[in-house]
Amino acid sequence: MAGIGDGVAAKVVWSPSLLEYRHSADHPMSPRRLDLTMSLATELGVLQGVEMLDPGSASDDELLRVHTSRYIDAVKAAGDLPPGEHVGMSHGLGTADNPTFPAMHEASAAVAGGTLAAARAIASGAAIRAVSVAGGMHHAMPAAAAGFCVYNDAAVAISWLLDNGYDRVAYVDIDVHHGDGVQTAFYEDPRVLTVSLHQHPATLWPSTGWASETGVGRAEGTAVNLAYLPAVTDELWLRGFHAVVPGVLRAFEPQIIVMQAGCDSHREDPLADLSLTVDGHRRSYLDVIALADELCEGRLIAIGGGGYELVRVVPRSWTHLIAAVLGVSVDPTTAIPEGWRSAAGRFTVPDRVPLTMGDGEEPTFAPWEPAGADRGAEMDRSLARLDQSILDTRRSVYPLLGLDPDDPRD
């Protein structure tokens, strides 16, 4: 398969050490999803000739860019405890979402190290794009674990970029959950634009990510949140994306984009309520990469995130993510290799193992028009609600960026 060509390098961060991030045997964030992704990408030939970039491990000093020293010490201590839940532990550790596990600090520091390795590769000129599917721990807070996330690798890498030649970083989060930890880290920093597209906070944890959250002080206008009500499809999701994201990115003029590509917005994900397909995910990745090509000479870091249908969804979606970063075209009608299907069949009912790389959908959308939010009964109810959400976001943040919220050209 052909890569991105013209001498442009793209890197894939990977090491078996990244499979050590495992809260428990039955925890939703199973490392199996990473293992199946990398094996599928390998069997399809996506990784042919690609040299893996070792994640290494984030040092304490690097983690201190975002996290407190007391929290890091607490994570280290947690790794020495019996695995599982522990009533009364501090820092969000030992909960049902974030049970302790052996070598918790080391495994979490490796995930953060992977995203840092991607950032360093781009900053050094060794790569234009890089992907680490093990990353994307966007809920971790400065002094607390949250939502399966221990160290916030995205925030750590963005902080590093700000000290190493970049002063305009855009973070685009398409996970079904709000990217609250990254938004919190940079809510007062005008050098970072955080854009999150997620299920509506009234219907899904962490109950943040309202249109009115736009940043504070000099950073007002650099937090952008678009919320989708349950059951949104590819067509509606893409309508929302294109009504908001290109405009704010073009106004911000980033030097690099960090994309958190959580795939838990899929219609089969067990932990959320949107209705996207693998085909819709693939289109979203390509659309973000196209914006990076347009606005920042292609510079992009892609990281994983959520995604809890371990066999049917995550491996296919993130194989498309890896392929998109590498500039390799994987047609959604491509048959999945029998060897991978046989191996994956051990983890689900055999007839649920997917046959092809897509869900048989053609993700298209009708562009947003401002009048749509006011037509009420003349529109499909789901479309009317989406358009109102789009308008809420645009009216909250567009004027702060010098854009006209009612002009679809902005």
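Counting only protein heavy atoms, what percent of the accessible surface of the chain is carbon or sulfur at a 1.4 Å probe? Please list the in-between numbers first.
On the way: 7520 of 15310 Å².
Carbon and sulfur atoms account for 49 percent of the accessible area of the chain.
Accessible area, 1.4 Å probe, largest first: how do PHE347, PHE148 sort? Intermediate results must be reported in sequence, preceding the final value.
Working: PHE347 80, PHE148 25 Å².
The most accessible residue leads, giving PHE347, PHE148.
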Heavy-atom SASA rank of TRP205, TRP160 (probe 1.4 Å, accessible area, largest first): TRP205, TRP160
Accessible area per residue, Å², the chain with all protein chains present, probe 1.4 Å: 37
Overall form of the chain per C-alpha gyration tensor (a/c, 1.5; a/b vs b/c): rounded
At least 27 Å along the helix axis (C-alpha) and Kyte average at least 1.0, DSSP helices within the chain: none
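Counting GluC sites (Glu not before Pro) as exposed when in a DSSP loop with at most 12 other beta carbons within 10 Å, what is the longest stretch of the chain free of them?
Values: sites that count: GLU51, GLU297.
Here the longest run is 52-296.
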Max mean-square fluctuation residue, GNM over the chain, Cα-Cα springs under 10 Å, options SER39, SER108, SER124: SER124
GNM top mover of MET357, MET89, MET38 - the chain, alpha-carbon springs below 10 Å: MET89
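Within region 59-99, which trypsin sites (Lys or Arg not before Pro) sit in a loop by DSSP and count at most 15 neighbouring Cβ atoms inside 10 Å? Don't skip to the end; give the middle numbers.
On the way: sites: ARG65, ARG70, LYS76; in loops: ARG65.
Of the trypsin sites (Lys or Arg not before Pro), not one in the loops of region 59-99 has a Cβ with at most 15 other Cβ atoms within 10 Å.
Could you give the size of the charge dipole of region 1-119 about its Cα centre, using +1 on the Cβ of each K and R and -1 on the Cβ of each D and E, expressed in debye and rounded to the nearest 20?
That gives region 1-119 a dipole magnitude of about 160 debye.
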Percent of Cα pairs exceeding the 18 Å cut-off, where the set is region 174-220: 24
Nearest-20 debye value, the chain charge dipole, Cβ charges on Lys, Arg, Asp, Glu: 420
Placed amide H near MET141: partners under 5 Å, 5+ positions off or other chain: ALA146
Dipole of region 1-125, positive direction: furthest Cα of VAL66, ALA107, LEU19, with charges on the beta-carbon: VAL66
For ILE256, distant residues with modelled amide H under 5 Å away: ALA170
Candidates VAL325, VAL131, VAL216, ranked by Gaussian network fluctuation over the chain, Cα under 10 Å, top entry: VAL216
The chain, helix-only ellipticity at 222 nm - DSSP H runs n ≥ 4, -39,500 (n - 2.57), divided by all residues, nearest 500: -10500 deg cm²/dmol
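The values are calculated or read from the model by the stated rules, or taken from the named source; none is laboratory data. Given the structure is predicted, the values throughout are model-derived calculations rather than measurements. So basically every Cβ, Gly included, is an ideal-geometry build from the backbone, and we count neighbours across all protein chains shown. Just so you know, the surface numbers come from the protein's heavy atoms only, side chains and all, with ligands and any DNA or RNA stripped out. Shrake-Rupley method; radii C 1.70, N 1.55, O 1.52, S 1.80 Å.
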